[in-house]
Each structure stands twice: as C-alpha cells, then as structure tokens.
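This report refers to the structure that appears directly beneath it.
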Amino acid sequence: MNIQEITFGHEISIEDYNNLRGSVDFIRIIPKRAERALSHSLYKIIALDHGKPVGMARVVGDGGYVFFICDVIVHPDYQSQGLGRKIIENVLGWLEDQVEEGETIMVNLMSAMNKEEFYGKLGFHKRPFGN
C-alpha cells in the first residue's frame, strides 16, 4: 500500500461501513441503525484505496457547540503508516472551518483502549484533567 495513492471521499455504503468496523473488531450495526447513523453525521471522511474504504471517521453533535469524533477506523492492513493521522487532521480541519475567530467549540473523542497515545500526539487530552 502506498499512502500517496489513498484518496478521500465522504460517502460509504452500509456494507462497507460494517466491513470496516468488523476489520477492527467493532460491532456490526444493523442496516437500519447504520443508515441512520451515517445519514445524521455532521461530517464523514472516508479513506479509499482504489475505491475501497480502508479508513474513516465521523463527526456527530449538535452542530453548534458540541462535536464528537467517532468511528475513527483504519483497516489493520493500513495501520501504522500515517493514515489515521491524515484522517484526524482532515476532521480537525473541518472542525476549524466551523468556527469563526474568537468562538469556542467543544470537541470530544473517546479513544479505543490502548490508542490514547496516538490521540495525545494529535493534541487530545486524557480525561479527567485539571479543573
């Protein structure tokens, strides 16, 4: 796999979504729920290798102040090559575009177990911290 050949899109089929989830041992979601989840996302970014989804992330929330990054997935064959970083940087760029100077939003992300260090390198903080 050449990370330079990865392209990005914003749509994913329910079948591909569940296959990607299954590749990292996330539960598969029944089609009705998966369709609702995907269609109600504020933002989706899908990493594609020659049209095949190999990574993704979604943003959900109220669209005003609270945003939650979820379904951060990179297929195991594509992990440890910088793709997860590219996906999160894309999401963070989209979030930055949602606010004007001086505004504040709350961005939440719940890390999968043992992935906290990855997110720490991208500027996320463990909770609880401080006051």
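The values are calculated or read from the model by the stated rules, or taken from the named source; none is laboratory data. Note that the structure is a prediction, hence the values are computed from the model and not measured. All Cβ positions, glycine included, derive from the backbone under ideal geometry; neighbour counts span all protein chains shown. Ligands, DNA and RNA are excluded from the accessible area calculation, which covers all protein heavy atoms including side chains. Shrake-Rupley method; radii C 1.70, N 1.55, O 1.52, S 1.80 Å.
Side notes on the structure shown:
- Linear extension gain, Ile3 paired with Val99, 0.36 nm per residue minus alpha-carbon span: 31.6 nm
- Here is the list for region 6-99: GluC sites (Glu not before Pro) lying in DSSP coil, each with at most 15 other C-beta atoms within 10 angstrom of its C-beta, are Glu11.
- Residue-normalised accessible area of region 1-115, expressed per residue, 1.4 Å probe, Å²: 59
- For region 16-87, the share of accessible area belonging to carbon and sulfur comes to 52 percent (1.4 Å probe, ligands and nucleic acids excluded).
- Spacing of the two label points (7 Å from each Cα toward its C-beta) at Glu11 and Gln81, in nm: 2.6
- When you filter the chymotrypsin sites (Phe, Trp or Tyr not before Pro) in region 13-65 for DSSP loop state and at most 14 other Cβ atoms inside 10 Å of their Cβ, you are left with Phe26, Tyr65.
- Listed values for region 79-92 are Karplus-derived 3J(HN,Hα) couplings in whole Hz (6.51 cos²θ - 1.76 cosθ + 1.60, θ = phi - 60°), namely 6, 6, 10, x, 5, x, 4, 4, 5, 5, 4, 5, 4, 5, and x replaces Gly and Pro.
- Heavy-atom accessible surface of Ile29, to the nearest 10 Å², is about 40 Å², with a 1.4 Å probe and all protein chains retained.
- For region 1-108, applying the loop criterion from DSSP together with a ceiling of 15 other beta carbons within 10 Å to the trypsin sites (Lys or Arg not before Pro) yields Arg28.
- Heavy-atom accessible surface of Ile27, to the nearest 10 Å², is about 120 Å², with a 1.4 Å probe and all protein chains retained.
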